[in-house]
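Worksheet: the structure to be examined is printed underneath.
The values are calculated or read from the model by the stated rules, or taken from the named source; none is laboratory data. From a predicted model like this one, the values you see are computed outputs, not experimental measurements. Here the Cβ positions follow ideal geometry from the backbone for every residue, glycine too, while neighbour counts run over all protein chains shown. We work out accessible area using only protein heavy atoms, side chains counted, and drop any ligands, DNA or RNA first. Shrake-Rupley method; radii C 1.70, N 1.55, O 1.52, S 1.80 Å.
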Amino acid sequence: MHITDFSMDRFSLRGKRAIVTGGNTGLGQAFTVALAKGGADVFVPGLFDDGGETAALVRAEGRTYAELTVDITVPGAPAVAVSAAVDALGGVDILVNSAGISRIADVTEFGREEWDPMVAVNLTAAFEMAHESAKRMIPQGAGKIINIASLFAFLGGLGSPAYAATKHGIVGLTRAYADELGGHGIQVNAIAPGYFRTPITEQSRADADVNRRIIEHTPAGRWGDVADLMGATVFLASSASDFVNGHTLTVDGGYLVR
């Protein structure tokens, strides 16, 4: 492609079919709405009931929204979810592995009871969703897989060794799948969000010391708003990123540079 052939249409997601795990709450909802605004139809598998809020936001963009109540940590459930998405939307072009949980405990209290659910949701389910989606993407010779990492993919895991371990694992999974699938026209990348204003961070933001420490460490001087993630999502889901593969894009207001 010559530079004169480049068009902003490459950022369009018109006609694309996307799956977003955890796509109707927190950051996941921002990913879902970003894809819909880009032109994609969206399927959300998960257990969280948002009372139809996300469906309304997607349909307001003139896009199709479908969902399935399913626990993707159950072996075989991701295959059911991907099949349901294909039935609802006609195929799958984009997967965003957004579902994730975090549990905090002192290292001496953080045992298998805390570890196992986080590995199941944050890493194993992401692997199975990618595995099942790749089966659909390879025959069509195109696809985008976006895994959601974290700053803790690059930092220690004070208070939650499982969270740090799973997010390090997500970066490794991203690179491994990028290597495997790049030759099939499929790009696999990750987004590593910094500190964002969501319900899950409300307690941290209410703690004056924690709030100040995070803001002072962030060159942007603020917590992220969920809308700050939407552009990165559209870029990595679109053909504008066709030569970006195996990359983890930090969206953190510069937190990691300090």
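For region 5-74 and region 198-248, write down the distance between their C-alpha centroids in whole Å.
19
Mind listing the phi-derived Karplus ³J(HN,Hα) values for region 216-229, rounded to whole Hz, using 6.51, -1.76 and 1.60 with θ = phi - 60°, and x for any glycine or proline?
5, 7, 9, x, 5, x, 7, 6, x, 9, 4, 5, 5, 8
Given a 1.4 Å probe and the protein chains all in place, what does the accessible area of residue 257 round to, in Å² to the nearest 10?
Looks like 120 Å² after rounding.
Return a whole-number percent for the relative contact order of region 1-128, with Cα pairs under 8 Å and 6 or more residues apart as the contact set.
With pairs under 8 Å counted, the relative contact order is 25 percent.
Given a 1.4 angstrom probe, what's the average accessible area per residue across the chain, in square angstrom?
Ligands and nucleic acids excluded, the figure is 47 Å² per residue.
Once the Cα atoms of helix 77-89 and of the chain are each reduced to a long axis, what angle between those two axes, in degrees from 0 to 90 to the nearest 10, is obtained?
In the chain, helix 77-89 runs at an angle near 40 degrees to the longest axis.
Report, ordered by chain and residue number, the lysines lying within cross-link reach of residue 16, taken as a straight Cα distance under 23 Å and ignoring same-chain residues fewer than 8 apart.
The reachable lysines, counting only those whose Cα sits under 23 Å from residue 16, are 37, 135, 144.
For the chain, take the longest principal axis of its alpha carbons; what is the angle in degrees between that and the long axis of helix 125-140, to the nearest 10 within 0 to 90?
Tilt of helix 125-140: around 20 degrees.
From the phi angles alone, apply the Karplus equation (6.51, -1.76, 1.60; θ = phi - 60°) to region 25-36 and give each ³J(HN,Hα) in whole Hz, x where the residue is Gly or Pro.
Values, residue by residue: 7, x, 5, x, 5, 5, 4, 4, 5, 4, 5, 5 Hz.
Using mean Cβ contacts within 10 Å as the protection proxy, how do 107-113, 144-150 order, highest first?
Numbers: 107-113: 10.4, 144-150: 26.3.
Sorting 107-113, 144-150 by mean packing, highest first, produces 144-150, 107-113.
Going by average Cβ neighbours within 10 Å, how do the peptides 201-207, 191-197 rank, with the highest at the top?
Per-residue Cβ counts within 10 Å, averaged per peptide and sorted highest first, yield 191-197, 201-207.
Under a 10 Å cutoff between Cα atoms, tell me which one of 87, 242, 228 has the largest fluctuation in the Gaussian network model of the chain.
Of 87, 242, 228, the most mobile in the Gaussian network model is 87.
Under a crude label model (7 Å from the Cα following the beta-carbon direction), how far is residue 208 from residue 135 in nanometres?
Modelled inter-label distance: 5.6 nm.
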